[in-house]
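Q: Here it is: the structure, laid out below.
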Amino acid sequence: MTEGPSGVEAARWWARMMRDPMDAYGALFRRYGDAVRLPRDRRRALFLLSRPEHAEHVLVAKQDNYVKAFTYRPLRVFLGDGLLTSEGETWRRHRRLVQPVLAQRHLAAFAPGMAEVAARAVARWPDGVTLDAAAHMRRVTLDIVGRVLFGSDLAGESDATGRALADLQRSAVIGLGATFLGDAGLRRAFRLVPGARRAGGQLDGMLRRVVDERRAAGPGGEPDLLDLLMRDGELPDAELRDEVLTLLLAGHETTAAALTWTLILLSRYPAARDRVEAEVDEVLGGRDPGAEDVDRLPWTRAVLSESMRLYPPAWTIERDAVADDDVAGAEVTAGSTVAISPYLLHRNPDLWPDPEGFRPERFLGEQDRPRHAYLPFGGGRRICVGAGFATMEAVLVLALVSRSVRLDLAPGVAVPSRAEVTLRPAGPVPMLVSRRRSPRG
Ligand code: HEM
């Protein structure tokens with residue numbers, strides 16, 4: 001059974017949704033429960049479904065009936081045929097190419113590069129300085145994805161690339177208000193947005209340079225993801241560009257958000273932070289962490305899991321129904337949108353005792369909860385292709401930070417969240433650096 005507003009009341013909810021979608025989702029959940037229907041027009045509606053069995057049904061059991069929702073359309077204008085936004089045969093072809101490279105058995109090879117980028121960044125943070133943790137985490141994760149997946153080509157252009165990716169996301173969010181235009185209309189509309197045009201041009205130029213340089217240099221050494229994507233000319237140039245851009249965007253912003261929220265939470269929960277430091281000191285004893293350490297740092301991992309429970313970077317997963325369906329009692333009409341929100345699922349009091357509390361111990365040992373109660377990486381065949389990569393990266397970065405420094409939120413600073421493409425802190429996150437050891441760790 002679904003409940004929900006209708007008529008003028010529904011229009012009010014839509015207006016609220018435009019202003020602050022996550023706040024509106026939370027309020028709908030509190031007002032109407034975990035299966036809410038919000039009418040969009042005479043036939044279609046938005047269904048906000050927040051039980052694990054809903055997630056199981058939409059993302060796994062009946063996934064053939066669901067495609068990426070209309071809310072992905074603005075992003076698709078920029079990312080085209082990359083994994084995140086494509087469908088059908090194109091998606092399948094890209095997934096077949098990318099997934100094996102990011103599979104668990106290859107990840108160990110990425111660890112030294114990840115650790116080196118993070119160690120270099122942390123070494124540059126002087127004692128007693130206040131820095132913007134959000135910006136630094138974005139920079140570290142962008143450098144890592146550039147370095148590990150595409151060689152060091154990005155190094156000189158990180159700042160400009162980061163800015164362009166941020167502009168592109170902002171434009172995609174603005175575009176959410178104009179999805180009625182369709183793809184061609186949106187593309188034309190984006191040409192009028194100065195930030196979007198500049199960002200698109202900058203990123204296209206950078207990607208063309210990276211690919212051209214690689215073509216000129218030819219294969220050599222250990223192949224990275226770009227080599228594999230270019231192998232045998234499997235992807236036409238336009239699709240190659242779309243996939244590289246997708247991996248740059250999907251591969252840095254989410255992990256940066258997860259790490260930033262984790263640093264904020266650790267600053268607020270000093271006992272949990274003491275335990276991270278003790279674990280890291282004991283396991284690493286001062287050396288750089290590697291892939292084999294990820295399983296040896298269970299508390300550090302649990303802290304990251306709990307942080308992604310409270311602040312899932314991908315805070316909503318949305319699909320459009322192809323045909324009418326019945327989702328655990330909710331009658332979903334064709335063309336309707338279903339939102340499965342990890343944010344709501346992760347704070348559902350029926351699934352999580354003390355849902356607002358930061359309790360990493362929930363993720364230690366045997367865990368007795370429905371499989372789809374925890375969805376930071378989504379589920380079904382569209383599950384995050386970089387989940388293993390992100391987990392390893394986040395553990396290594398957090399271990400390297402914790403080994404050398406403590407970061408404390410400036411006193412009295414509140415950190416409001418902003419839910420756009422990802423759920424992240426709304427502004428800069430000023431944190432005071434206290435060095436635990438010499439910069440060399
Ligand atoms: C903490 C970090 C991350 C989180 C929370 C996250 C979350 C997610 C989620 C929830 C999805 C599914 C979206 C949907 O079903 O609509 C997804 C898809 C995806 N992610 Fe991640 N992600 C993270 C890191 C990464 C990294 C590091 C990469 C690349 C190296 C990556 C690449 C992708 C791609 C390409 C997709 C689309 C997959 C497909 O549809 O086949 N992500 N991510």
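What follows draws every value from the coordinates through simple rules; no lab data is involved. Everything numeric in this text was worked out from a predicted model, so none of it was measured. So basically every Cβ, Gly included, is an ideal-geometry build from the backbone, and we count neighbours across all protein chains shown.
Q: Let me check against my output: what whole-number percent is the relative contact order of segment 298-379, with C-alpha pairs under 8 Å and at least 6 apart?
A: Numbers: 105 pairs, mean separation 31.2, N = 82.
Relative CO of segment 298-379 lands at 38 percent.
Q: Using a Förster radius of 56 Å, what is the FRET efficiency between A61 and D127 based on their Cβ-Cβ separation? Nearest 0.05, please.
A: Numbers: r = 54 Å, r/R0 = 0.96.
With a Förster radius of 56 Å, E is 0.55.
Q: Quick one: dipole size for segment 9-124, taken about the Cα centre, charges +1 on Lys/Arg Cβ and -1 on Asp/Glu Cβ, in debye to the nearest 20. Walk me through the intermediate numbers first.
A: Working: 22 positive and 12 negative charges, 56 e Å.
Charge dipole of segment 9-124: 260 debye, to the nearest 20.
Q: Another one. Place a +1 charge on the Cβ of each Lys and Arg in segment 1-64 and a -1 charge on the Cβ of each Asp and Glu, then give the dipole magnitude about the Cα centre in debye, rounded to the nearest 20. Don't skip to the end; give the middle numbers.
A: Details: 12 positive and 9 negative charges, 64 e Å.
It comes to approximately 300 debye.
Q: List, in order, the whole-Hz ³J(HN,Hα) value for each residue of segment 420-432 obtained from phi through the Karplus relation with A = 6.51, B = -1.76, C = 1.60 and θ = phi - 60°; use x for Gly and Pro.
A: Each residue's phi maps through the Karplus curve to give 10, 4, 10, 8, 9, x, 5, x, x, 10, x, 10, 8 Hz.
Q: Only helical DSSP H runs with n ≥ 4 go in: add -39500 (n - 2.57) per run for the chain, normalise by residue count and round the 222 nm mean residue ellipticity to 500 deg cm²/dmol.
A: -15500 deg cm²/dmol
Q: Okay, moving on. Restricting to Cα pairs below 8 Å that are 6+ residues apart, what does the relative contact order work out to for segment 191-310? Please round to a whole percent. Working shown, then result.
A: Values: 37 pairs, mean separation 25.4, N = 120.
Over segment 191-310, the number comes to 21 percent.
Q: Jot down the radius of gyration and Dmax of segment 211-336, Cα atoms only, both in angstrom.
A: 21.5, 58
Q: Still on this structure, please answer the following. In debye to the nearest 20, how big a dipole does segment 275-382 give about its Cα centre with +1 on each Lys and Arg Cβ and -1 on each Asp and Glu Cβ? Walk me through the numbers on the way to the answer.
A: Values: 13 positive and 21 negative charges, 23 e Å.
For this selection, approximately 120 debye.
Q: Still on this structure: Please sort 69-75, 261-267, 412-418, 15-21 by packing, taking for each peptide the average over its residues of neighbouring beta carbons within 10 angstrom, highest first. Could the numbers behind the result be given before it?
A: Working: 69-75: 21.6, 261-267: 24.1, 412-418: 11.7, 15-21: 13.6.
Most protected by this proxy first, the peptides run 261-267, 69-75, 15-21, 412-418.
Q: Using alpha-carbon pairs under 8 Å, 6+ residues apart, how would you state the relative contact order of segment 33-157 in percent? Write out the running numbers ahead of the final one.
A: Numbers: 66 pairs, mean separation 13.7, N = 125.
Taking the mean separation of contacting Cα pairs over the length of segment 33-157, I get 11 percent.
Q: Another question, then. What is the sum of charges around L409, taking Lys and Arg as +1, Asp and Glu as -1, for the other residues whose C-beta is under 13 Å from the C-beta of L409? List each step's numbers first, then the result.
A: Working: positive: R268, R273, R406; negative: D132, D408.
Residues close to L409 contribute a combined charge of +1.
Q: Oh, and also: Quick check: pseudo-label points 7 Å beyond the Cα along Cα→Cβ at R198 and A278, how many nm apart are they?
A: Result for the modelled spin labels: 5.0 nm.
Q: Compute the distribution of all C-alpha to C-alpha distances in the chain, in bins of 10 Å from 0, and list the percent of pairs in each, rounded to whole numbers.
A: Histogramming the chain at 10 Å steps yields 4, 21, 31, 27, 14, 3, 0 percent.
Q: Counting only other residues whose beta carbon sits under 13 Å from that of A256, what net charge do I get with K and R as +1, D and E as -1? Don't skip to the answer; put the middle values down first.
A: Details: positive: R138, R139, R424; negative: D132, D143, E253, E393.
The answer is -1.
Q: Rounded to whole Hz and in sequence order, give me ³J(HN,Hα) for segment 308-324 from the Karplus expression 6.51 cos²θ - 1.76 cosθ + 1.60, θ = phi - 60°, writing x for Gly and Pro.
A: Computed from phi, the couplings for segment 308-324 are 6, 5, 6, 10, x, x, 8, 7, 9, 10, 10, 9, 9, 7, 7, 10, 3 Hz.
Q: Kindly rank 344-356, 424-436 from highest to lowest mean number of other beta carbons found within 10 Å of each residue. Display every interim value, and only then the final one.
A: Details: 344-356: 15.7, 424-436: 17.6.
Most protected by this proxy first, the peptides run 424-436, 344-356.
Q: Counting Lys +1, Arg +1, Asp -1, Glu -1, what net charge surrounds R301 among other residues with beta carbon under 11 Å of its beta carbon?
A: Details: positive: R296; negative: E279, D293, D295, E306.
Computed value for this residue: -3.
Q: Quick one: what are the phi-derived ³J(HN,Hα) couplings along segment 361-375, Karplus 6.51/-1.76/1.60 with θ = phi - 60°, whole Hz, x for glycine and proline?
A: Running phi through 6.51 cos²θ - 1.76 cosθ + 1.60 with θ = phi - 60° gives 4, 4, 9, 9, x, 4, 10, 10, 8, x, 3, 9, 7, 10, 10 Hz.
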